[in-house]
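Input: a single structure, listed below in structure tokens.
The values are calculated or read from the model by the stated rules, or taken from the named source; none is laboratory data. Just so it is clear, the structure is predicted and the values come from calculations on it, not from any experiment. For neighbour counting, all protein chains shown are included, and Cβ atoms are generated from backbone atoms with ideal geometry for every residue, glycine included.
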Amino acid sequence: MSLLPDFAARIVDWQGRCGRHGLPWQGGGDPYAIWVSEIMLQQTQVETVIPYYRRFLARFPDIAALAAAPPDEVLALWSGLGYYARGRNLHAAARLIVERHGGAFPRRHEDILALPGIGRSTAAAIAAFAYGERRAILDGNVKRVLARVFGVEGWPGERAVEDRLWALAEDLLPGRDLRAYTQGLMDLGATVCTRSRPRCAACPLQTDCVASSQGRQAELPGPRPRKALPSRATAMLVLLHAGQVLLERRPPTGIWGGLWSLPEGAVDEDPAAAAARLGCQVDSARPLPGLTHAFTHFRLAISPWRLEVRRCPAAESPGRLWLPLEEALGAALPSPVRRLLDGLARSDEG
């Protein structure tokens, strides 16, 4: 596999003319702001991230502010962005930075890599943007660019394929213009060498791209091996009393770890019986429209029930609390629970 001797120069030139400029985390060189943006951009598009990023930085302008914040407040600002482990890891890393590095974002690459939620590519991106270090990145967009340009076969999630792509990424690194080069690779994959309908005519690498010359843009990179996405089902209990709803904290790890959610029961169980396990007496129960939420590894079918209850002692136990419906919408909720409660609030207003 021969390398293009001017690969990096083409990327840098293209980034200067056509790349993304003026993003809120660009230009300042603040490693904290760069770190937050890189974590948010994991598996999330720039357009989605920008408003979350602005709100997050307005509330937590530095590492000390983030480290001192209660977890609920951090997750509430993260709510809707998805992949909540990122928010939990960001908060945990901030506390670790205060504890081990005096509140200053670490300078050494090894120390950056040791922080929760930071892998090889993210650490490299932070080091490149914040400190101008010569480090190779390999996020999903960059994998797609390299696989297409150099004709790398196979699914990038396979270890052998990923190793080949990392070797390419390392070999292609230029000796200068690291920030522009790194940003250019990201921009090219996100805006030109897209997963579907790539804009090959706008690509600075088209003349030497294997996928373009062979018409294999749809084949490269290779797709994830197909397997049926398993389904799970749950009943969610919207327990209401005097305009308040009962919330229950999820376990700290696993799906929606640490978020506030609704009590759950089996879909074939009488919802009043499920409520009785919490010590609640149900005055009335009616089903609400079902909804589906897709995770990476399974699809969850949610059957919600609206139950009017008398306040029960168990609601005041640790991990459970009653909140007015409008106040509950400001808590750190999973997105389907937020949609469910928001729809309930709107229907009650109507």
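Data overview
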quantity	calculated
Flag for Gly254 being at pLDDT below 95, under 25 Å from Arg88 (Cα atoms) and surrounded by fewer than 17 Cβ atoms within 10 Å (Cβ to Cβ)	yes
Of residues in segment 203-251 being in a loop (DSSP other than H, G, I, E, B), under 27 Å from the mean Cα position of the chain (by Cα) and among the small types (Gly, Ala, Ser), the one surrounded by the fewest Cβ atoms within 10 Å (Cβ to Cβ)	Ala228
Whichever residue in segment 105-159 is part of a helix (DSSP H, G or I) and aromatic (Phe, Trp, Tyr) and, among such residues, is farthest from Trp35 (Cα to Cα)	Phe150
Unique residue being farther than 30 Å from Pro204 by Cα and touching a helix residue (DSSP H, G or I) at 6+ places or on another chain (Cβ under 6 Å) when the list is Ala93, Ala85, Ala130, Ala67	Ala67
One residue from Ala9, Ala33 being within 30 Å of Val149 (Cβ to Cβ) and in a helix (DSSP H, G or I)	Ala9
Inter-residue pairs, beta-carbon under 9 Å, first without any contact (Cβ under 8 Å) to a residue 12 or more places away in the chain and in segment 319-334, second assigned to a strand (DSSP E or B), 6+ apart	Glu327/Gln244
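Conditions (1) surrounded by fewer than 21 Cβ atoms within 10 Å (Cβ to Cβ); (2) in contact with a Pro (Cβ under 6 Å, 6 or more places away or on another chain); (3) more than 28 Å from Asp171 (Cβ to Cβ); (4) small (Gly, Ala, Ser), marked per residue:
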| position | (1), (2), (3), (4) |
| --- | --- |
| Leu77 | yes, no, yes, no |
| Ala85 | yes, no, yes, yes |
| Asn89 | yes, yes, yes, no |
| Ala94 | no, no, yes, yes |
| Arg108 | yes, no, no, no |
| Leu115 | no, no, no, no |
| Ala125 | no, no, no, yes |
| Ala128 | no, no, no, yes |
| Gly132 | yes, no, no, yes |
